[in-house]
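Encoded as structure tokens, the structure appears first; notes follow it.
Where a number appears in this text, it was derived from the coordinates with a stated rule and is not lab data. Since this is a predicted model, take the numbers as computed values, not measurements. Neighbour counts run over all protein chains shown; Cβ positions are idealised from the backbone, glycine included.
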Amino acid sequence: MEIIIITGMSGAGKTAALNLCQDNDYYTLDNLPPKLIKDVIFLLKSSTEQKNKLALVIDVRGGDFFHDLANVINELKLENHKVKVIYIDASNEILLKRYKELRRPHPLGKSMTIQSAIEKERHDLEEVRKIADEIIDTSDFNLPRLKLNLERVLHANLEFKTQLVSFGFKHGILSEADVVFDVRFSENPFYNPELKDLSGRDPRVSDYVLNHEQVQFFIKKLDELIEYLIPYYEENGKESLVVGIGCTGGKHRSVAIVEELYKRMKNSENVEIYHRDSNLW
């Protein structure tokens, strides 16, 4: 089994790292006593889903149980599990600043100052830090940079996806969209009795919508804009770009334009289309 053990300083970003592992199809657990790792492996192997990727956060919150970590790691390696220890760190000054901003107590700080708790935790983690396979210092990191570094460590090869989604404004805005375009500037097939009951997937509706110079110009420019944006979204750690294209009802104009845009886009194998309001047609 592939096992990622995330440890390190409280406030350095271990929870964010665990969430990123979950996004990469790892079964994740937080604050597990090391001696229970083998029990979790047994359960995962015996489950119907046959999970073979496990990510755990194990740190000083485990108290006395935490000191079993090094021995358990050695045992797992002897049993031919692929174990990688990732140590998430940050400078004392940055950790102190984060705790002050979040106004949360340090796990060790019930009877000491935050500064003293940070220093004690760093001392307690010295031996674990020595056995780490990767050390990621997040002092100057935001979440996208942490994500990029963690994907490098996990050897994740996630292909960037572009999603083109049609929707109708009268049924609500597309809240998950990164960018939204309103195509109600184009002529509406709804007012044509022969087209009213058809959707934008029908060639007759599509021809009606697309047979206008302003629509063709819009699609051309939107295709260029999306191609321009994708590298910047990838650079900032995004996995996808969701483009919402809305008309009044989400049945005619937005659907036809999404379908046409999909046909024109480069690398269409990494493009997905979805008509949000198709269940209302």
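Largest mean-square fluctuation among D202, D124, D30, in a Gaussian network model of the chain whose springs join Cα atoms under 10 Å apart, belongs to D202.
For Q115 and N19, the FRET efficiency from 1/(1 + (r/R0)^6), where r spans their Cβ atoms and R0 equals 22 Å, is about 0.20.
Out of these labelled values of mean projected area of the Cα convex hull in nm², (i) 15.9; (ii) 18.9; (iii) 13.7, which was calculated from the coordinates shown here? Correct label, based on the coordinates given: (ii). Within the chain, the selection of entire DSSP H helices by a Cα span of 18 Å or greater along the long axis and an average Kyte-Doolittle value of at least -0.5 returns 213-235. Using the Cβ-Cβ distance between F181 and N71 with R0 set to 51 Å, the FRET efficiency from 1/(1 + (r/R0)^6) comes to roughly 0.35. Normalised by the number of residues in the stretch 161-280, the mean separation of alpha-carbon contacts (under 8 Å, six or more apart) gives a relative contact order of 51 percent. Just check the stretch 8-167 against the gyration tensor rule for me: Cα atoms, a ≥ b ≥ c as the square roots of the eigenvalues, rounded for a/c under 1.5, and otherwise prolate or oblate depending on whether a/b exceeds b/c. Note, shape of the stretch 8-167 comes out oblate. Arranged from fewest to most other beta-carbon atoms within 10 Å of their beta carbon, T248, T113, T28 become T113, T248, T28. Cα centroids of the stretch 36-75 and the stretch 163-230: 50 Å apart.
Here the residues E93, E269, E75, E259, ranked from fewest to most Cβ neighbours within 10 Å of their Cβ, fall in the order E269, E93, E75, E259.
Over the C-alpha atoms of the stretch 161-280, the Rg to Rh ratio, Rh being the Kirkwood estimate, stands at 0.97.
Under 5 Å from the amide H of V179 lie the amide H atoms of V242, G244, each residue being 5 or more positions distant or on a separate chain, with H modelled from the backbone and absent for Pro and chain starts. Only helices enter this figure: runs of n ≥ 4 DSSP H residues, each worth -39500 (n - 2.57), summed and divided by the residues of the chain, yield -12000 deg cm²/dmol at 222 nm to the nearest 500. For the stretch 161-280, with the dipole built from +1 on Lys and Arg beta-carbon atoms and -1 on Asp and Glu ones, taken about the Cα centre, which of S206, V255, P189 lies farthest toward the positive end? Looking along the dipole axis, the top candidate is P189.
Sort the stretch 1-70 into rounded, prolate or oblate with this rule: let a ≥ b ≥ c be the square roots of the eigenvalues of the Cα gyration tensor; rounded if a/c is under 1.5, and if a/c is not under 1.5, prolate when a/b is larger than b/c, oblate otherwise. Note, shape of the stretch 1-70 comes out oblate. Model label points for E134 and F42, set 7 angstrom from Cα along the Cα-to-Cβ axis, are 3.0 nm apart. Neighbour counts of other Cβ atoms within 10 Å put R204, R253 in the fewest-to-most order R204, R253.
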